[in-house]
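**Q** Pasting in a structure now, in structure tokens, and then I'll have a few things to ask.
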Amino acid sequence: MPLSAFTNVFAGNPLDRQSARRADPDWVEAQLAHPDARAVFLWNGKPLVTGEPGARTIAWGPSDLGRELGKSAERLLFLGLGGLGPVFAVDLEDAADPAEGPLKGRGEFEDLRTAAPGMPLPETGILATARSLFEWRRRHRFCSNCGQPSEVVDGGWKRICPACRTQHFPRTDPCVIMLPTFGDRCLLGRQASWPAGRFSALAGFVEPGESIEEACAREVIEESGLEVVSVRHHSSQPWPFPSNLMIGLLAEVSNDQAAPQDSELEAVIWVSRSEARRLLEGTLDGHLPPGDIAIARQLLAAWAYESA
Ligand SMILES: [Zn+2]
């Protein structure tokens, strides 16, 4: 049963992560040797996928091939137990495309943002988990306490420094993403770097010492000059580029005098519910909605279609 009314792309990973048992290297090794064990391959952050564009699925391979190509525990990640058996991910960083070498004929490597639309939701969750863990590994090979190379443990979910014994855990960086609302209108913003006409929700990182609600209020006043008076949670979304957790909020503000100053936004617009519905349907002249897999699109849809 879903935990919330809405599951975003990159959420919904169905695997049982076995957090306690993966700390035992012998148990992880036994999972890798299991006849039904399988692996998903990532090459420089891109997953190996198969099927037509817009209907991609994971191109699974046997765990033996994963072990052979991964070469060491450093590049292998135990993702969890699925209905069909143990599931691993393999991190490949060779210069040459493995889909033209040892993985030829199995699929192609594609940017996860491109592959995700149309992919089964549980598979997007599995790939988001693997990508975030491998991006963390790539950026945290050395102990941040003493500078020595660290070693992977717990099936890829932790690193330990052999010199000072500091434990290092994967990062998840929380971001608030919110739709300010006033009466029957909501505020959208656009950054200069976005495709022409695109408008989306406001967003920013939660800073140390801030609650989610406080981060939302600060970001809204920084980007639009508006005061938030109440915050409602909609849903959240892992965003593995590299390791964000997007926390989707609806934020009621005290007036409609938006005035972006010194903000990263080049423009803001107020839209009614009917205009928001047209924006989502692609019929609001000259305007583009948030991208298909973005939580911003789901926030806007939730507000545009909810009964007033
Ligand atoms: Zn250390």
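**Q** Would you order E223, E266, E213, E135 from fewest to most other beta-carbon atoms within 10 Å of each residue's own beta-carbon?
**A** Details: E223 24, E266 12, E213 15, E135 19.
So the residues, fewest neighbours to most, are E266, E213, E135, E223.
**Q** Okay, moving on. Run through region 1-99 and list the trypsin sites (Lys or Arg not before Pro) located in a DSSP loop whose Cβ has at most 12 other Cβ atoms within 10 Å.
**A** Answer by residue number: K71.
**Q** Using only Cα atoms, find the angle between the long axis of helix 295-305 and the longest principal axis of the chain, and express it within 0 to 90 degrees, rounded to the nearest 10.
**A** 40
**Q** If you don't mind, there's one more thing I want to ask. May I ask you to derive the relative contact order of the chain, considering only C-alpha pairs under 8 Å and at least 6 residues apart, and to give it as an integer percent? Provide the component values of the computation, followed by the final result.
**A** Values: 628 pairs, mean separation 52.9, N = 308.
Worked out over the chain, it gives 17 percent.
**Q** Still on this structure: When only Cα pairs under 8 Å and 6 or more residues apart are kept, what is the percent relative contact order across region 45-119?
**A** Working: 94 pairs, mean separation 33.1, N = 75.
It comes to 44 percent, rounded to a whole number.
**Q** Normalised radius of gyration for region 45-109, please: alpha carbon Rg relative to 2.2 N^0.38 Å, two decimal places.
**A** 1.12
**Q** Where does helix 121-139 land angle-wise versus the long Cα axis of the chain, in degrees 0 to 90, nearest 10?
**A** Taking the Cα atoms of the chain, the angle to 121-139 is about 70 degrees.
**Q** While we're here: Rg (Å, one decimal) plus Dmax (Å, integer) for the alpha carbons of region 1-63?
**A** Computed over the Cα atoms of region 1-63, radius of gyration and Dmax are 15.0, 40 Å.
**Q** Towards the positive end of the charge dipole of region 118-186, with charges on Cβ (+1 Lys, Arg; -1 Asp, Glu), say which of G125, I177, F142 has the farthest Cα.
**A** Value: F142.
**Q** Calculated FRET efficiency, S274 and A192, Cβ-Cβ r, R0 25 Å, to nearest 0.05? Present the calculation step by step, with values, prior to reporting the outcome.
**A** Numbers: r = 28 Å, r/R0 = 1.11.
After rounding to 0.05, the efficiency reads 0.35.
**Q** If I histogram all Cα-Cα distances within region 163-308 using bins 10 Å wide from 0, what percent of pairs lands in each bin?
**A** Cα pair-distance distribution for region 163-308, in percent: 12, 42, 34, 8, 4, 1, 0.
**Q** Starting from the Kirkwood Rh over alpha-carbon pairs, what translational D in µm² s⁻¹ does region 1-153 have by Stokes-Einstein at 20 °C and 1.002 mPa s?
**A** Values: Rh = 16.1 Å.
Value of D from the Cα-based Kirkwood radius: 133 µm²/s.
**Q** Can I ask one more? Treat the chain as a sphere of radius equal to its Kirkwood radius over Cα pairs and apply Stokes-Einstein at 37 °C in a medium of 0.692 mPa s; give the translational diffusion coefficient in µm²/s, rounded to a whole number.
**A** 155
**Q** Moving on. Which translational diffusion coefficient, to the nearest whole µm²/s, is obtained for region 267-308 from the Stokes-Einstein equation, given a Kirkwood hydrodynamic radius over C-alpha pairs, 4 °C and 1.567 mPa s? Spell out each step's value before the answer.
**A** Working: Rh = 10.5 Å.
D, rounded to a whole number, is 123 µm²/s.
**Q** Taking region 175-216, which trypsin sites (Lys or Arg not before Pro) meet the DSSP loop condition and have no more than 12 other C-beta atoms within 10 Å? Working shown, then result.
**A** Details: sites: R185, R190, R198; in loops: none.
Qualifying residues, ordered by number: none.
**Q** Let me ask something additional. Pairing the Cα long axis of helix 212-224 with the longest principal axis of the chain, what angle in degrees results, from 0 to 90 and rounded to the nearest 10?
**A** On a 0 to 90 degree scale, this one is about 50.
**Q** Might you report the magnitude of the Cβ-based charge dipole of region 45-139 about its Cα centre, with Lys and Arg at +1 and Asp and Glu at -1, to the nearest 20 debye? Provide the component values of the computation, followed by the final result.
**A** On the way: 12 positive and 14 negative charges, 54 e Å.
Using only the charged Cβ atoms, the result is roughly 260 debye.
**Q** Rank the residues E93, E210, E219 as a footprinting-exposure proxy: fewest other Cβ atoms within 10 Å of their Cβ go first. Please report the intermediate quantities before stating the final value.
**A** Working: E93 12, E210 16, E219 26.
So the ranking, lowest neighbour count to highest, is E93, E210, E219.
Where a number appears in this text, it was derived from the coordinates with a stated rule and is not lab data. Here the structure is a predicted model, which is why all the values come from computation and not from measurement. We place every Cβ from the backbone using ideal geometry, glycine too, and count neighbours over all the protein chains shown.
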